[in-house]
Amino acid sequence: MVNPYLMGTCLLAAMDDGLDNDLDPGKPEERNIYEAMEAGKKVKKLPMSLGEALEHLRKNKVVQRGLPGEMMRLYDEYKSDEWARFMSTVTDWDKETYMECLP
């Protein structure tokens with residue numbers, strides 16, 4: 001899920017950076033991405049978890065420009081808390097898999 005307002009400001013910050021630095025986005029890819037990867041195309045993968053996404057966000061000054069002032073700090077704090085709560089949740093799968101291991 002994404003907040004459309006935050007997404008919009010971050011996209012504008014990224015576009016502004018691209019224009020300011022005359023970045024070339026490269027040629028558009030029209031092939032099936034899996035077929036392109038099999039043919040040797042190098043692809044950057046998206047983060048696989050909220051925790052991994054937060055690590056990338058903390059390193060990305062361009063996207064942080066889209067979250068000015070206290071917004072970045074608060075966003076990081078709230079989402080880090082959300083990730084910590086998620087990681088500490090015991091699921092039914094955990095119970096079914098590990099309960100038999102207890103003495």
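The table that follows gives values for the structure above.
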{"quantity": "Tilt relative to the chain, helix 50-59 - C-alpha long axis, 0 to 90 degrees, to 10", "calculated": "40 degrees"}
{"quantity": "Signed unit charges on C-beta, dipole axis of the chain, positive-most listed residue Leu23, Leu57, Ala84", "calculated": "Leu23"}
{"quantity": "Pairwise centroid distance, computed over Cα atoms, of segment 52-103 with segment 1-40, Å", "calculated": "24 Å"}
{"quantity": "Rg to Rh, two decimals, where segment 4-101 supplies the alpha carbon set and Rh follows Kirkwood", "calculated": "1.11"}
{"quantity": "Mean Cβ neighbour count within 10 Å, used as a protection proxy, ranking 60-70, 42-52 highest first", "calculated": "60-70, 42-52"}
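Bear in mind that the values in this text are calculations on the coordinates, not laboratory data. Here the structure is a predicted model, which means the values were calculated and not measured. In this analysis, Cβ positions are derived from the backbone assuming ideal geometry, glycine residues included, and neighbour counts consider all displayed protein chains.
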